[in-house]
Amino acid sequence: MNIQLSKKFDNGFEIYGGIKNLMNFVPKNPILRPFDPFDNSVDDVLNNPYGYTFDTTYGYAPMQGIRSFFGIRYQIR
């Protein structure tokens, strides 16, 4: 969850600020099977019943905790 607030002014300026990852959720192990990066025990049914392999593309959660931002924009007319 993210939140952002902004305020526009008549002279072309805009200020904004917000918070990213509002709930401060970071997964315990963001990479699937980080202990087996070379897939040495993929065929072990007891240790890996679903046949997962090491893959960094399975990162569906934020990797950074809560953070804030702010800034100024100017629109040229």
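What residue, among those in the range 46-77 that are surrounded by 10 or more Cβ atoms within 10 Å (Cβ to Cβ) and among the β-branched types (Val, Ile, Thr), is farthest from the chain's Cα centre (by Cα)?
Per the criteria, the residue is 53.
Looking at this structure, is residue 25 over 15 Å from the mean Cα position of the chain (by Cα) and in contact (Cβ under 8 Å) with a residue 12 or more places away in the chain?
no
Given the options 3, 31, 19, name the one that is loosely packed, with under 13 Cβ neighbours inside 10 Å, within 22 Å of the chain's Cα centre (by Cα) and either farther than 22 Å from residue 62 by Cβ or aliphatic (A, V, I, L, M) (or both).
3
Values in this text are rule-based calculations from the coordinates and carry no lab data. All of these numbers come straight from a predicted model, not from anything done at the bench. Using ideal geometry, Cβ is built from the backbone for each residue, glycine included, and neighbour counts are taken over all protein chains shown.
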